[in-house]
Amino acid sequence: GARGVDGKPRASVAPAAPAAPAPRTLMREGERGGQVRELQARLRQIGWYFETPSGTYDAATAGAVKGFQGKRGLPRTGKTDTITWQRLVAMTREPTRQELYANGGIPPAAPDKRCLTGRVLCLAKNSRTLTWMVDGKAVSTMDVRFGSQYTPTREGTFTVYWKSRHHVSTLYDTPMPYALFFSGGQAVHYSADFAARGYAGGSHGCVNVRDEKKIASLFAQVRKGDKVVIYK
């Protein structure tokens, strides 16, 4: 051991343990962005947040964070600090795009190369979007809802073969206004159910649009013979 100048052993002094850094606040009420959306989706996975992720840290988000913190013995601040975030990440999994954007609004996926020439209704299942493209330029984009697992919307390249402004489905007896038929009975059309219920519902194979103004404008521009491309 170490000895002092007089040759006697010196008492060793243990170095003081460094103080744990105070947790840093990552997000708080009033903020918005992608990380807030992820926070909401992760809290929703474990039953603390029941709204649709919006990307805005509102009172409901702060309340969910407080509840989560209290259950785990953390200070109930309602702010997401580094410790709260690490605990939440350890208990949840990376949210999917569909979880992050449960109510739509996903930025459109990159257009399939078949969409880059001519007049095309470019439909991406991954981002649940329809982009109306003319000569490689996006004219408008809207949220869409595809068919369910048992009545899927067909994928591939089609053409609009019939436009029917006030269509009513004979099979399901439901209104299908602004219908643009592209494959058998499958059409792009306005859906009041999609407007009301969002992605909680599903179609029987058609492509539902919930923004009536956008589909009305699209219906006016699309011509018979225009291309329809549906891809993952």
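Results, tabulated for the structure shown:
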| item | result |
| --- | --- |
| Residue that is most open to solvent (accessible area, probe 1.4 Å), among those in region 44-71 that are β-branched (Val, Ile, Thr) and outside any loop (DSSP other than H, G, I, E, B) | Thr56 |
| Qualifying residues in region 2-37 (those that are at pLDDT below 70, in a loop (DSSP other than H, G, I, E, B) and not aliphatic (A, V, I, L, M)) - the one nearest to Val65 (Cα to Cα) | Pro18 |
| Count - residues of region 19-43 that are open to solvent by 70 Å² or more (accessible area, probe 1.4 Å) and in contact with a helix residue (DSSP H, G or I) (Cβ under 7 Å, 6 or more places away or on another chain) | 2 |
| All positions within region 215-232 that are open to solvent by 10 Å² or more (accessible area, probe 1.4 Å) and within 20 Å of the chain's Cα centre (by Cα) | Tyr231, Lys232 |
| Every residue from region 139-165 that is open to solvent by 70 Å² or more (accessible area, probe 1.4 Å) and either at pLDDT below 95 or under 26 Å from the mean Cα position of the chain (by Cα) (or both) | Val139, Gln149, Tyr150, Pro152, Arg154, Glu155, Thr157 |
| Residue, nearest to the chain's Cα centre (by Cα), within region 78-106, restricted to residues that are part of a helix (DSSP H, G or I) and among the polar types (S, T, N, Q) | Gln98 |
| Odd one out for Thr92 among (1) hydroxyl-bearing (Ser, Thr, Tyr); (2) at pLDDT below 95; (3) farther than 30 Å from Ala187 by Cβ | (2) |
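The values are calculated or read from the model by the stated rules, or taken from the named source; none is laboratory data. Source: prediction; values computed, not measured. Cβ coordinates were reconstructed from backbone atoms using ideal geometry, including for glycine residues, and neighbour counts include every protein chain displayed. We work out accessible area using only protein heavy atoms, side chains counted, and drop any ligands, DNA or RNA first. Shrake-Rupley method; radii C 1.70, N 1.55, O 1.52, S 1.80 Å.
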